[in-house]
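This report refers to the structure that appears directly beneath it.
The values are calculated or read from the model by the stated rules, or taken from the named source; none is laboratory data. Predicted model, so just to flag it, every value in this text is computed and none were measured. Please note: Cβ atoms are built from the backbone with ideal geometry, for glycine as well, and neighbour counts cover all protein chains shown. What goes into the accessible areas is simple: the full protein's heavy atoms, side chains included, and nothing from ligands, DNA or RNA. Shrake-Rupley method; radii C 1.70, N 1.55, O 1.52, S 1.80 Å.
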Amino acid sequence: MRRDRSEGRLPFLAGLFLICMAVLMLQILQTRILSVVSHYHLAFFAISMAMFGMTAGALLVYFRSAWFAAEHLGPQLVRSSAGFALATALSLLLLVTSVVFVHPGNLVLTSLVWLKLILVLAPPYLFAGVAVSLALTRSPWPVGLVYGVDLVGAATGCLVVLLLLDRVDALSAVLLVAAVGALAGWLFKSARLGSELAPPPGPLGRLRLLAHPAVIALLIGAAGLANAALHPRGLVPTVVRGHLEYLEHHDVVAWNSFSRILAQGGPVRPEPAVMWAASPAMPETRIEQRWVNIDGEAATVMYRFEGRDQTLDFLRYDLVNLAYAIRNEGRAAVIGVGGGRDLVSAWTFGFRDITGVEINPIFIRLLDRDFRTFNRLAEVPGVRLVVDEARSWFARTDERFDLVQMSMIDTWAATGAGAFSLSENGLYTVEGWRRFFDRLTASGIFTVSRWYDPADVNETGRLLSLAKAALLTRGAAEPERHIVLAAHDRIATIIVGREPLSAADIATLTETADRLRFRLLVAPGRPAASPVLARIVAAPDLESLHALARGFRLDLSPATDDRPFFFNQLRMSHPSAMLEAVRSHGTGVIRGNLQATITLALIIGLSALVVLVTMIAPALPTLRRAEPALAALGTIYFLFIGLGFMLVEIGLLQRLSVFLGHPVYGLAIGLFGIILSTGLGALASERLRLEASGRILLWSAALALVLFMLPVWFPPVAAAFEGATLPVRVSLCLLAIGPPGFLMGFAFPAGMRLVEAIDARPTPWFWAVNGAAGVLAAGIAVAVGIEAGISTSLRIAAICYLLVGATGVALSRLVGERSAGLGPAVGARLSARATRAGATGRG
């Protein structure tokens, strides 16, 4: 008896929703874990691997169609979902026990390590790609309905993962995501689609365990919940930044959506006080202190502090506190609370109205709850702890401060990754510093401390360049009179006045620096410590400053929101600087930049190799059957779709990370908006078909215009809404993503319709080209943003889509030349097939 077509639809759609949700959740979770075991800059790598695996899975369905016949749809969906669950769990186990590193002196070994990482991360997406492709191309329900559920599930995953990470650790979350994938398999099984009498053909059919997704969901789900309950005594990363990690001596191991915090527990004994840059004149001081570690390598210290009746006078000998010599009463603000060290400094020097702004609620929890009796800052009258993103809070408040301090607000991940990280870069841009200057009193000062390499004083030039550019944009007539830059050991501290520093201020700072044996690199009335710093000081305007910075060996130009890569000073476009860094292995910031650049080059190269072997080579025979004109035009069309799409996606993720305050927010909200808007565009392309040349040109021109204008209108609007709440800023981000995303969604299905109207045989090749371009373009987009800025990435994407439009017109004309030989029935059949094929590609 034939089943009613509506029977099984609900469990099928629910299963599709869950598997698509799980894929996006896994992608973001892998980014979070990689930021702990390696670096933040691997966000784009996780995106590349997801695109690679999903495309490879779809191509597998195409090339092995005998394995995936429609009569076996149900069992294949069950097995591929269960395969996703098992592959996800296995991938996690391999990832947390793998060593991920970059060794500039041994590129062969480094290449093998990263090739292994590709093989570890990609398999879950391969299974998911099979499941999604089967659902879209074999199901008995309208492709619009199926694709809509696919989009809603994927977009939902981007948001659900943020909630999950605030409740369990990232490793347990991955296991729960795997269980969700297996649950999707159980729902597919409940839908009872296709024959259940025998296992389907192919390797999935021979794995009996895959036929029992409910069992897999229960086992992996229970493992995830148990690991969360046992945390941190269960499954944890074992190799972090190339070192074995032991958690026995940590009372607090806490994860959230953008960090993992380890806090030293148990009783502590007095030991030499940890200082950033202690003066040689500092007397020997011992104090009880706890280490707090962020994402495996960055660290801060928490001193024992008994509260209002105590001061820690040894802090007077630290270079980072030099500014307190001239401002020590009124109101102070600290950006980045950490372990509370800077707040204690402000109290020690005399401030009694102190505000600490910290984006990470875990740090506030440590001070307010976990270690409240060890460090009593939270009990001190006049001390206020605020959980917020600093730029947004300063934009929103009307308060004014006599001193704003931002000491060492970075992570080793950010410093090492340079341009490839966006965790704190929004605090180190001209626009960000202008915001902080606006919240100073007339005599207020802004002080920032950064890493410093005594062997290369010029690295500090970027800090100086940023301060001068921010002052120039505020109309300062003599910026050099506002600035004092000092250094000692591995730290440099810059002091910037909203107004020119007085003669008394300069005299006091000079006397203090001399007494504590700090080195003044730049100060009014004194020669700069190097010719490079002197030239930056002497630059008369912004144009001269940018022109001057371009001529240096390192990138010392002031960072902006369009190019917010303050930590990256090693230019990929300067081969001589690169070669010199390779020969010397780099020092200070340059060493981290070198490692990140090598990582980027290796990932692009290895991704190209894997794509060539697994996608391009298998699809190439289908191209040989196509006529040369179709082969050339189709290849260009889908190549530029992949390149343009990823330039837009990575560019938007970078820009939104600055606006929202953290890369995980940018990643989650950016992917949510892009997936939703491009999917809606793909669905709309069914009704608004791009077949005639005029429509193609109009669509291409509209998309290019939107992309060209986005860097024009978004920055001032973002500045106006910088002080808005997070939901308002998220809404503005979605508004910026929506129009280009919607228009980009037309490109892939429209191209597939044009190609299949001419010759359907080479479609696997075009699909492979699109997927390969997307995988490789992720790294290329990062490189473009570093060298030329986010707006340039968007403009190059606009040019790509203009080329897509021109190529689409040529394809349309080929269709017209063959229209006489195609009957209406054939055309309708080809259009339906193209619709289903187009729905599986978001690029």
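On a 0 to 90° scale, report how tilted helix 790-818 is relative to the longest principal axis of the chain, with both axes built from alpha carbons and the result rounded to the nearest 10. Roughly 10 degrees between the two axes. Using every pair of distinct Cα positions in the range 604-655, the Kirkwood expression returns a hydrodynamic radius of 12.9 angstrom. Comparing the chain with the 2.2 N^0.38 Å rule of thumb, its C-alpha radius of gyration ratio is 1.00 (two decimals).
Subtracting the Cα-Cα distance of L90 and A534 from 0.36 nm times their residue separation leaves 154.2 nm of extension gain.
Shape annotation for the range 698-828: C-alpha extents along the principal axes are 61, 29, 22 Å, from largest to smallest. Measuring with a 1.4 angstrom probe and ignoring ligands and nucleic acids, E627 comes out at about 70 Å² accessible.
Under 5 Å from the amide H of L247 lies no amide H of any residue 5 or more positions distant or on a separate chain, with H modelled from the backbone and absent for Pro and chain starts. Centre-to-centre separation between the Cα atoms of the range 533-569 and those of the range 149-170: 40 Å. Here the Kirkwood formula, the inverse mean of 1/r across different C-alpha pairs, assigns the range 129-180 a hydrodynamic radius of 12.6 Å.
Our summary of shape: the Cα atoms of the range 416-547 have principal axis extents of 40, 35, 27 Å, ordered from largest down, in whole angstrom.
Protection proxy ranking, highest mean first, for peptides 64-70, 403-409, 117-123: 403-409, 117-123, 64-70, where packing is the per-residue count of other beta-carbon atoms within 10 Å, averaged. Spatial offset of the range 636-712 relative to the range 224-262 amounts to 37 Å, using the alpha carbon center of each. The calculated 222 nm mean residue ellipticity attributable to helices in the chain amounts to -19000 deg cm²/dmol, summing -39500 (n - 2.57) over DSSP H runs of n ≥ 4 and dividing by all residues. Summed over the residues of the chain and divided among them, the accessible surface reaches 36 Å² per residue at a probe radius of 1.4 Å.
Taking amide H atoms as placed 1.01 Å from N in the peptide plane, the amide H of E288 lies under 5 Å from those of E271, R304, each 5 or more residues away in sequence or on another chain.
Between S731 and E499, full extension at 0.36 nm per residue minus the direct alpha carbon distance yields a gain of 79.9 nm.
Modelled spin-label separation between E71 and R233, with each label point placed 7 Å from Cα along the Cα-to-Cβ direction: 5.5 nm.
The figure for F374 is an accessible area of roughly 10 square angstrom, using a 1.4 Å probe on the protein chains alone. Building the convex hull from the alpha-carbon atoms of the range 243-307 and averaging its projection over directions returns 6.2 nm². A straight chain from L688 to L247 at 0.36 nm per residue would run longer than the Cα-Cα distance by 153.0 nm. Spin-label pair D489-R286: with each label point 7 Å from Cα along the Cα-Cβ axis, the two points sit 1.9 nm from one another.
Label positions at R308 and F708, each projected 7 Å from the Cα along the C-beta direction, are separated by 6.3 nm. Our coupling estimate for the range 362-377, obtained by passing each phi through the Karplus curve with A = 6.51, B = -1.76, C = 1.60 and θ = phi - 60°, is 5, 4, 5, 5, 4, 6, 8, 9, 4, 10, 4, 7, 8, 10, 9, 4 Hz, Gly and Pro reported as x. Centre-to-centre, using Cα atoms only, the range 470-521 and the range 759-776 are separated by 57 Å. Using the Karplus relation 6.51 cos²θ - 1.76 cosθ + 1.60 with θ = phi - 60°, the per-residue 3J(HN,Hα) values for the range 262-276 come to 10, 10, 4, x, x, x, 10, 9, x, 8, x, 4, 6, 10, 6 Hz, with x marking Gly and Pro. Hey, what angle do you get for helix 461-473 against the long axis of the chain, alpha-carbon based, 0 to 90 degrees rounded to 10? So the inclination is approximately 90 degrees. For the range 498-538, the pair-distance distribution built from all alpha carbon pairs, in bins 10 Å wide starting at 0, is 27, 49, 23 percent. Calculated translational diffusion coefficient of the range 715-785 (37 °C, 0.692 mPa s; Stokes-Einstein with Kirkwood radius over alpha-carbon pairs) equals 214 µm²/s.
Normalised by 2.2 N^0.38 Å, with N the number of residues, the alpha-carbon radius of gyration of the range 672-752 equals 1.24. Give me the angle, in degrees from 0 to 90, between the Cα long axis of helix 9-37 and the longest principal axis of the Cα atoms of the chain, rounded to the nearest 10. Once rounded, the angle reads 30 degrees. A convex hull fitted around the alpha carbon atoms of the range 621-695 yields 133 Å³ per residue.
Scanning residues 5 or more positions from R384 or on other chains, those with amide H under 5 Å from its amide H are I354, T355, G356, with H placed 1.01 Å from N in the peptide plane.
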